[in-house]
Amino acid sequence: MLRLEVLPAGCGDCLWIEYGEPRDRHILVVDGGLKETAEVLTLRIARAAKERNVKRLFIDLLVVTHIDNDHIGGILELFQRSDVTVDFGDIWFNGSQQLRNLLGLAEGEAMSTLLEARGGPWNDAFGGKAVMVEDEGEFPFRMRQDKLRLTILGPFRSRLDALWGKWEDFLQKEAAREAEEPSDLLGEEWPPVWTERESRDNSIANASSIVLLLEYAGRRLLLAADAHANDIAAAVGRLPERYLTKCKLPLDGFKLSHHGSKANLSRALLEKLDCSRYIISTDSTAHEHPHGLALLRVLRYGTGRPSLMFNYETTATARWRDQKDEIVGFADFDTAYPDRPERGLIIEWNDRP
């Protein structure tokens, strides 16, 4: 069994993954959403502990992909709660210890301080060093419980090196950029208007995202955090041929980068993938993600009959179901939404492909 729960994390990401036999299930958590998501995570931890009849829940691995507040905020809040009883087999996070005091941003420093104070695991699988990919050579991978394989597809070393000695300048420029960054303007046009022109994300923080290719029991998930589309495409292009079928990477699910932003999804990337399930994590409150043009790219360049899978049913996302007949000239598609909004989107694979 492999189950992906895209928890309701506001405009952020919080992925709860369970896998294994019914009586021996393991847990992987990727990101913690905004500060408010800590409440959602606390309830999910409590429910998992009750299901297992334990007082302290063991989570094999927590991955905090990068320092943006909509990925790290809930983890910071969770760690400061005295009522949460949970242990971790390892925590992957590229903090100041790994990046030579690089992360001056408040959330990054706070996370580093908390991990140091906890005295528990921190990038143990990498000898305490950064979770990253060399710009050449094979991709690092780590085996977790019950033969779960996690291949690291990002960030590239060059993305981390680019931050060296520039962090203070970056903080000021990034804060100004985010304050002025225009919305993706999803709400202004329906149906969305197609254009071949592509924009690119230039966020240094997003470029530092940990990108995971998860493999378990014949299933593959690509968890892209907020990574740049060209970085993900380059990584997929470097994979050995054994990963590919007809020059494409077969996937059972692709968690779109940066909540479905048009600047983080490209034709070059989509044409390297063989996937029918495209997963979007956002409540559409920040920059009005997902962007219509990004989803049109999925319909034009994806394979087969794609399914757009949202962890919130909002005005912005529901019209992909209710007004889909207005999307003309693109592949037909399906949509999926949470059955129970308070638990988010749940996708489960119970058999081998």
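The values are calculated or read from the model by the stated rules, or taken from the named source; none is laboratory data. Everything numeric in this text was worked out from a predicted model, so none of it was measured. Heads up, the Cβs are rebuilt from the backbone with ideal geometry, glycines too, and the neighbour counts pull from every protein chain shown. Ligands, DNA and RNA are excluded from the accessible area calculation, which covers all protein heavy atoms including side chains. Shrake-Rupley method; radii C 1.70, N 1.55, O 1.52, S 1.80 Å.
At-a-glance table
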quantity: Among 285-294, 67-76, the order from most to least packed when residues are scored by Cβ within 10 Å on average; calculated: 67-76, 285-294
quantity: Surface accessible to a 1.4 Å probe, PHE58 within the full protein complex, Å²; calculated: 100 Å²
quantity: Label-to-label distance, nm, for residues given as GLU138 and TRP194 (7 Å Cα→Cβ offset); calculated: 4.2 nm
quantity: Note, ³J(HN,Hα) from phi for the stretch 278-285, Karplus 6.51, -1.76, 1.60, rounded to Hz, x at Gly and Pro; calculated: 10, 9, 10, 10, 5, 9, 6, 8
quantity: Over 37 Å [Cα-Cα, the chain], rounded percent; calculated: 13 percent
quantity: 222 nm mean residue ellipticity, helices alone, for the chain (DSSP H n ≥ 4; -39,500 (n - 2.57); rounded to 500); calculated: -8000 deg cm²/dmol
quantity: Loop trypsin sites (Lys or Arg not before Pro), the stretch 30-64 (other Cβ atoms within 10 Å of the site Cβ: 14 or fewer; DSSP); calculated: LYS55, ARG56
quantity: Theoretical gain in end-to-end length, ASN202 to ALA117 [0.36 nm per residue, Cα-Cα removed]; calculated: 27.3 nm
quantity: Label point 7 Å beyond Cα of LYS129 along Cβ direction - residues of the stretch 69-98 with amide nitrogen under 18 Å; calculated: 91-98
quantity: 5 angstrom amide H check on ARG219, placed H, neighbours 5+ away; calculated: none
quantity: Hull shadow area, averaged, the stretch 208-272 [alpha-carbon convex hull, nm²]; calculated: 4.3 nm²
quantity: Shape box of the stretch 210-322 [Cα atoms, principal axes, largest first, Å]; calculated: 42, 25, 24
quantity: Protection-proxy order for peptides 199-207, 249-257, 221-229, 342-350, each taking the mean of Cβ atoms within 10 Å per residue, highest first; calculated: 221-229, 249-257, 199-207, 342-350
quantity: Extension gain (nm, one decimal) between SER82 and GLU348, 0.36 nm per residue minus Cα-Cα; calculated: 92.6 nm
quantity: Cα centre as origin, Lys/Arg/Asp/Glu Cβ charges: the stretch 310-351 dipole, Debye; calculated: 180 debye
quantity: Computed lengthening from ASP325 to LEU244, 0.36 nm per intervening residue step minus Cα-Cα distance; calculated: 25.8 nm
quantity: Overall Cα dimensions of the stretch 251-312 - principal axes, largest extent first, Å; calculated: 30, 20, 14
quantity: Residues whose placed amide H lies under 5 Å from that of LEU153, excluding near-sequence neighbours; calculated: VAL211, LEU212, LEU213
quantity: Cα→Cβ-extended label distance, 7 Å offset, between ALA286 and ARG267, nm; calculated: 3.0 nm
